[in-house]
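*Asks:* Pasting in a structure now, in structure tokens, and then I'll have a few things to ask.
What follows is calculated from the coordinates using simple rules that are stated; it is not laboratory data. Treat the numbers as computed from the prediction; the structure is a model and nothing was measured. Here the Cβ positions follow ideal geometry from the backbone for every residue, glycine too, while neighbour counts run over all protein chains shown.
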Amino acid sequence: MTTKFSEGVVAESKRTYINKLAQQGTRIDGRGFDDVRPIKITTGYIPRAEGSALVELGETKVLVGIKIEPGEPFPDTPDMGIMTTNVELVPLSSPTFEPGPPTEEAIELARVVDRGIRESHAINMEKLVIEEGEKVWVVFIDMHILNYSGNLFDACGIGAIAALATAKVPAERHGVGEDFPLPVEHYPVPITFAKIGEWIVADPNLDEESIASARLTVTTNEEGMINAMQKGLFGTFTYDEVKKVINRSLDIGKKVREIILGDINGEEN
Amino acid sequence: MDEEKKMRDIVVPGEEIDIEGKPGRGVFVENGKLYSAYLGIVDTRMGYVNVIPLSGCYMPKKGDRVIGKIVDLAPMNWVVDINAPYYAPLHVNDVPWRVEFGDTGRFLSIGDVILAKVSNVNEMGQVWITLKEQGLRKLEGGHIITISPSKVPRVIGKSGSMIQMLKDHTNCRIYVGQNGTIWISGAPDGIITVIKAIRMIEREAHTYGLTDRVKEFLERGDE
Amino acid sequence: MGMKADFKLIDDNGLRIDGRLPNQLRPLRMEVGVVQRANGSAFVEWGGNKIIAAVYGPREAYPKHIQDPNRAVIRARYNMAAFSVDERKRPGPDRRSVELSKVISEALTSVVFVERFPRTSIDVYIEVLQADAGTRVAGITAASLALADAGIPMRDIIVGCAAGKVDGVVVLDLNKEEDNYGEADVPMAILPRTGEIALLQMDGNMTYEELTNAMDMAIDAAKEIHELQVKALKEKYRGDEHDY
């Protein structure tokens, strides 16, 4: 089997149990529908990288490393830096992950994180020009999954912005001036929801993900703007559900952003 | 619209069918309302509302007579393509010959065409076929064409009237498998006429007055 | 999204560069049954988009490990022809088309009665011959026609439609310039009968009000597109004069 997030066959008793809990307004790990698992962020975990963050979202663990190197700009944007995003579902992190080229799950994950950062203009790309049309800074965001226990979208998104916000552009090493902090101006935060029966819960854990019919990720920034959305899985949402999810993601995103900013600033002090 | 070519009621997937009756084949019920699951025509009989698909693959039913092609051999069975989503095994116990283990190739080889019967189908989509019944056999020579299985009833016609008409006019032997595979044997110009007529039936299967138009075509001969 | 335009995308009268009103669709043409060998197929011309979709199956799924014992696996493949865009696109799947193939497969699965065909695959090939923004929603619109034409049972005919924001105005069905220089794009796939949402993506910068206005527009337009789909399907079976 190719790398899948899902764990294959789900025990019917698990499905019934999670649904029963949902009816009573609670979840398998005791959380409320809008509660996010505990978040722990360790920035600067990989000193060799220009920026890094180890994120723990409950049991899910993701390491994000930022490398920044000079490169050629794209012909249609000679006055802007470049950003690329990549996710590695490394086989050590789950029995369902296998070695090989990126799977569609990994590609989707990377692209959803990418959209949130790009569309919120989190990085001021115009400040990443070394010589217009010739040389710009290329920001590589690489995300390594170290333990998969549900909701990689949010763990990766949180890790990416935390790593970017603490990254330094290595200008000295490349002989083009003094090092400077990567200009991060916005803080996009993705919040992912899973639809279980008729209920919708935030930050699904592995068990919830394995029985969810549909998934929706909404990325919002600190100005209350919506920057990215991605619906997944075989089920559907009603329009009402979508609107409620967007509103909830604005609220929850705000809380998560405070945690991220607190951790980043704590690291700097 | 030409009265003779009047359309039957065509519905699309998800279209509500506002007819009193019990839900039959090709429909589904949601919130007490009846909807079509297929692009098809509405057909009400004996109190049931059905939708007959205008296209689609063959879904085997127990008792169907089908025409299949041997595509693989195994020591104890042949693998037969019956134009369904799944290949059907034909076990050595289901043929009228005594076959020793590993000797299947001596009786039917890859590419052979058979007229078989569906003996069993399970929920998993697995199909078993048999040759152990009067008339079932390997089909020698002739020519094979495939049509949409949903149009088989129109090719056969009411109590076989359409197919009988084709046979009478062309002196061809014709077997129509429920799976949409048709075997035709006879003189080449006869076979060509049969194929033209079948293609015409296929194209106009959903219109009224089809038998008369096919008859006209056969009497007019080849244009 | 993202590039800056040195021209206005919405003029002083509130009209768009192709003369449309904010809530107006581009011209749409659909035809069913265009690939003879396929079990079902459709062609959709939507603005400058030219897209063919063809369906093969249900057929026994291979390689065997992709088989699901409970249902059919829908495998959509979204592919852009090398010549479909201004600058030649390198043939074969790139990351974008892999992602789109995935979300389109998931959206189509939501309407098909997949549990009726265990262990099979239903392969849906979407070829973008010419791209003019909104290819994924035009592709999904064509794909659902092809599925219906293939005689595959479904609980609805999925409609794809996008809305977005250009020059600060919420608009329906972005064209290429609007997509390149606009501020947001919201591609959706909608089940017209129930209003359920089977595909939803968004990229750009929008307030909650702008986003819901955009989704309102797309959901409204879905009804119009659905009528065209029904017409195209019924058209195919309108007598023998019709030649394809």
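*Asks:* Which value, to two decimals, describes the C-alpha radius of gyration of region A:4-264 once divided by 2.2 N^0.38 Å? Please list the in-between numbers first.
*Replies:* Working: Rg = 18.9 Å, N = 261, 2.2 N^0.38 = 18.2 Å.
In units of the globular-protein estimate, region A:4-264 measures up at 1.04.
*Asks:* May I pose another question? How large, in Å, is chain C by the Kirkwood hydrodynamic radius built from its alpha-carbon pairs? Please list the in-between numbers first.
*Replies:* Values: mean 1/r = 0.0545 Å⁻¹.
One over the average 1/r among Cα pairs gives 18.4 Å for chain C.
*Asks:* Would you mind ranking B:LYS33, C:LYS165 so that the residue whose beta carbon has the fewest other beta carbons within 10 Å leads the list? Numbers along the way, then the final one.
*Replies:* Numbers: B:LYS33 11, C:LYS165 24.
Placing the least packed residue first, the sequence is B:LYS33, C:LYS165.
*Asks:* Now a separate question. On alpha-carbon atoms, Rg over Rh for region B:103-213 using Kirkwood Rh? Please list the in-between numbers first.
*Replies:* Values: Rg = 15.5 Å, Rh = 15.4 Å.
Reported Rg/Rh (Cα atoms, Kirkwood Rh): 1.01.
*Asks:* Using the Cα centre of chain A as origin and beta-carbon charges of +1 (Lys, Arg) and -1 (Asp, Glu), tell me which of A:THR220, A:LEU57, A:ILE117 is placed farthest towards the positive end of the dipole.
*Replies:* Result: A:LEU57.
*Asks:* B:GLU15's amide H: which non-local residues (gap 5+, or another chain) put their own amide H closer than 5 Å, with H modeled 1.01 Å from N in plane and none for Pro or chain starts?
*Replies:* B:SER36
*Asks:* So what is the relative contact order of chain C, in percent, for Cα pairs below 8 Å that sit 6 or more residues apart?
*Replies:* Details: 558 pairs, mean separation 55.0, N = 244.
Computed value for chain C: 23 percent relative contact order.
*Asks:* Continuing with this model, one more query. For region C:84-150 and region C:152-172, what is the separation of their C-alpha centers, rounded to whole Å?
*Replies:* When both Cα centres are located, 15 Å separates them.
*Asks:* Taking 25 Å as R0, compute the FRET efficiency from the Cβ-Cβ separation of B:SER185 and B:MET165 and round it to 0.05. List each step's numbers first, then the result.
*Replies:* Values: r = 17 Å, r/R0 = 0.69.
So, using R0 = 25 Å, E works out to roughly 0.90.
*Asks:* If each residue's Cβ is checked for other Cβ atoms within 10 Å, how do A:CYS156, B:CYS57 rank with the fewest at the top?
*Replies:* Working: A:CYS156 28, B:CYS57 24.
Result, fewest neighbours first: B:CYS57, A:CYS156.
*Asks:* Additional query: Using the Cα centre as the reference, give the magnitude of the dipole from point charges on the C-beta atoms of region B:143-220 (Lys, Arg: +1; Asp, Glu: -1; all else neutral), rounded to the nearest 20 debye. Don't skip to the end; give the middle numbers.
*Replies:* Working: 11 positive and 7 negative charges, 26 e Å.
The calculation lands at about 120 debye.
*Asks:* In debye to the nearest 20, how big a dipole does the protein assembly as shown give about its Cα centre with +1 on each Lys and Arg Cβ and -1 on each Asp and Glu Cβ? Present the calculation step by step, with values, prior to reporting the outcome.
*Replies:* Working: 86 positive and 110 negative charges, 725 e Å.
Around 3480 debye, computed over the protein assembly as shown.
*Asks:* Using only Cα atoms, tell me the angle between helix A:239-268 and the longest principal axis of chain A; keep it within 0 to 90° and round to the nearest 10.
*Replies:* 50 degrees
*Asks:* Step by step: find N for the protein assembly as shown, compute 2.2 N^0.38 Å, then divide the Cα radius of gyration by it. What's the final number? Show your work: numbers first, answer last.
*Replies:* Values: Rg = 29.4 Å, N = 736, 2.2 N^0.38 = 27.0 Å.
Here the Cα radius of gyration is 1.09 times the empirical estimate.
*Asks:* Pairing the Cα long axis of helix C:135-149 with the longest principal axis of chain C, what angle in degrees results, from 0 to 90 and rounded to the nearest 10?
*Replies:* Tilt of helix C:135-149: around 30 degrees.
*Asks:* Could you put A:SER213, C:SER121 in order, starting from the residue whose Cβ has the fewest other Cβ atoms within 10 Å?
*Replies:* Numbers: A:SER213 15, C:SER121 21.
Placing the least packed residue first, the sequence is A:SER213, C:SER121.
*Asks:* Cβ neighbours within 10 Å, averaged per peptide: list A:197-210, A:15-28 in order, most packed at the top. Don't jump to the answer; show the numbers that get you there.
*Replies:* Working: A:197-210: 20.7, A:15-28: 14.4.
Top of the packing list down: A:197-210, A:15-28.
*Asks:* Could I ask something else about it? Would you give the gap between the C-alpha center of region A:8-70 and the C-alpha center of region B:81-134, rounded to a whole Å?
*Replies:* The two parts, judged by their Cα centres, are 53 Å apart.
*Asks:* Measure nothing fancy, just the Cα-based angle from helix B:210-220's long axis to the longest principal axis of chain B, in degrees from 0 to 90, nearest 10.
*Replies:* 70 degrees
*Asks:* In debye, nearest 20: dipole of chain B around its Cα centre with unit charges on the Cβ of K, R (+) and D, E (-)? Before the final figure, lay out the partial values.
*Replies:* Values: 28 positive and 29 negative charges, 110 e Å.
For chain B, the charge dipole is close to 520 debye.
*Asks:* How high is the FRET efficiency between C:ALA82 and B:ARG98 when r is their beta carbon distance and R₀ equals 60 Å, given to the nearest 0.05? Display every interim value, and only then the final one.
*Replies:* Numbers: r = 59 Å, r/R0 = 0.99.
Using R0 = 60 Å, I get an efficiency of 0.50.
*Asks:* Calculate the mean, over all residues of peptide B:51-60, of how many other protein chain Cβ atoms lie within 10 angstrom of the residue's Cβ. All intermediate terms of the calculation are to be shown ahead of the outcome.
*Replies:* Details: counts 1, 0, 5, 6, 10, 8, 11, 0, 3, 0.
Counting Cβ atoms of other protein chains within 10 Å of each residue's Cβ and averaging gives 4.
*Asks:* Follow-up question, since we're still on this one. Could you pull out the trypsin sites (Lys or Arg not before Pro) across region B:76-118 that fall in loop regions by DSSP (anything but H, G, I, E, B) with no more than 12 other Cβ atoms inside 10 Å?
*Replies:* Details: sites: B:ARG98, B:ARG106, B:LYS117; in loops: B:ARG98.
Counting only loop positions with at most 12 other Cβ atoms within 10 Å, the trypsin sites (Lys or Arg not before Pro) in region B:76-118 are B:ARG98.
*Asks:* Can you find, among A:PRO190, C:GLN36, B:GLY177, the residue sitting farthest towards the positive end of the charge dipole of the protein assembly as shown, where Lys and Arg contribute +1 and Asp and Glu -1 at Cβ?
*Replies:* Going by the charge dipole, the pick is B:GLY177.
*Asks:* Kindly state, to the nearest 0.05, the FRET efficiency for C:LYS64 paired with C:PHE113, given R0 = 30 Å and r defined as their beta-carbon distance.
*Replies:* Values: r = 23 Å, r/R0 = 0.76.
Efficiency, rounded to the nearest 0.05: 0.85.
*Asks:* To continue, here is another question. From the backbone phi of region C:160-171, what are the Karplus-calculated ³J(HN,Hα) couplings (6.51 cos²θ - 1.76 cosθ + 1.60, θ = phi - 60°) in whole Hz, Gly and Pro given as x?
*Replies:* Listing the rounded values in order: x, 7, 10, 9, x, 9, 9, 6, x, 10, 6, 10 Hz.
*Asks:* Hey, what do the phi angles of region B:69-78 turn into as Karplus ³J(HN,Hα) couplings, whole Hz, using 6.51/-1.76/1.60 and θ = phi - 60°, x for Gly and Pro?
*Replies:* Values, residue by residue: 10, 6, 10, 7, 10, 9, x, 10, 7, 9 Hz.
*Asks:* Mind checking C:156-162 for the average number of partner chain beta-carbons within 10 Å of each residue's beta-carbon?
*Replies:* On the way: counts 7, 5, 3, 0, 0, 0, 0.
Shielding by partners across C:156-162 averages 2.
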